[in-house]
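Notes to accompany the following structure.
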Amino acid sequence: MEEVRKVHRDIEALGEEAARHADALAHVTTSQMAHAHVLATNSTRLGLLGGGLCAALIVILSIGFTLRLRAAVLKPLLTLTQAARRFGSGNFEERVGRVGKGELAALGDAFDHMADELARREARLVQNERMAAIGQLAAGVAHELNNPIGIIRGYLKTMSPEEDSETLRDELAILDEEAGHCQRIADDLLSYARTGELSIDRVHMGGFLQETAKRFQSGNGSNGSRVEVSAQDVIVEADGARLRQVVLNLLANADQASPPNAAVLLRGSLVGGQYQIEVEDAGPGVAPEDRAHVFEPFFSKRRGGSGLGLAVCQGIVRAHAGTIEIVEARAPGTIFRVTLPEKHTRSSRPSDPVMASEEPR
């Protein structure tokens, strides 16, 4: 019996021990669960905070990207659109300048280049229409003037030998001289009206320029200028008579602009597949403000000039698909350069400089 009680006491002791361990385990579990709840709450808060920060960052980045997109793309595109509309409405001075970067900058440059080219073409079209109108007027005026001027000069030549008064003969000579000046103006008007009429042939430029200089030297030079020729012998398809008219006119202008007995240089050379003719004088040069007008009809700073000579030259050169321009001289003076399309090169060696009075070599 005593043993039964002992066993019963041991069982109760074990039960109490088990209860204590169970209570301890429950306490530990409760503590861990509370700690886990705190950790979960903190994690949730951190997650919400991180999500809010990410959302705010996304909004800020979106705003920044939108502003950058507007500055880099939308604003240049708006500038280009507005410029195109203004240009299309007739404002040919409209330019966009440098807008944006990369492709947009290239697009802006292309727009400005297109605008420059269209403005140049518009100016050429207006100039051509103006020149055509002046040409038609010039032809009509010259035709109407030539006949009465010819009759007047005929009567003056008939009257002059019959007059006994020397004073009257002198006055008749002055009248004849002035009538001759009017006739030269009429001839210039006709030349201007006919600049587009060409008779194309093969011209040996070396001999052509030397022969033209000889013709000028033999009677056209009023200021005693020496014409020095250096010409490369190339065959160019051109109207020789019309081209000679251009060179003689340029030589006459150079002679009048130069001091007495000065040297006028006449050069001909093949440059980049085109033939260039240059006439250089020793005069004071052309004022910068006059350079844009020297080829306009009736523009002249020379007393007694008709202002048609260089306009006629430009018309003839353009009819040859060439250009005529003023280029900078190394010394005081003026260089007029005529550039013509070149074909059938015969020789590329420039001849030695020769005086115009010498025979062509």
| query | Hey, any hits in the stretch 288-302 for a residue that's buried (at least 18 other Cβ atoms within 10 Å of the Cβ), over 29 Å from the mean Cα position of the chain (by Cα) and part of a loop (DSSP other than H, G, I, E, B)? | reply | no
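Collect the residues in the stretch 249-286 that are in a loop (DSSP other than H, G, I, E, B) and under 28 Å from the mean Cα position of the chain (by Cα), keeping them in residue-number order.
So the first thing to find is which residues in the stretch 249-286 are in a loop (DSSP other than H, G, I, E, B), and the list is 258-262, 272-273, 281-286.
Those that are in a loop (DSSP other than H, G, I, E, B) and under 28 Å from the mean Cα position of the chain (by Cα): Gly272, Gly273, Asp281, Pro284, Gly285, Val286.
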| request: Might you check whether a residue that is at pLDDT below 75, surrounded by 10 or more Cβ atoms within 10 Å (Cβ to Cβ) and more than 30 Å from Ala123 (Cα to Cα) occurs anywhere in the stretch 84-96? | output: no
| Criterion: surrounded by 10 or more Cβ atoms within 10 Å (Cβ to Cβ) and among the charged types (D, E, K, R) - qualifying residue of Arg5, Arg45 | Arg45
| query | Could you say whether any residue in the stretch 207-217 is under 15 Å from Val246 (Cβ atoms) and modelled with pLDDT under 85? | reply | no
| remark: Within the stretch 200-248, residues being under 32 Å from the mean Cα position of the chain (by Cα) and under 20 Å from Leu310 (Cα atoms) number 12
| Quick one: what pairs do we get from the stretch 246-262, first residue within 13 Å of Ala213 (Cβ to Cβ), second outside any helix (DSSP H, G or I) and of a type in the set (Phe, Trp, Tyr), C-beta under 6 Å, 6+ apart or different chains? | Leu250/Phe336
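The values are calculated or read from the model by the stated rules, or taken from the named source; none is laboratory data. All of these numbers come straight from a predicted model, not from anything done at the bench. Heads up, the Cβs are rebuilt from the backbone with ideal geometry, glycines too, and the neighbour counts pull from every protein chain shown.
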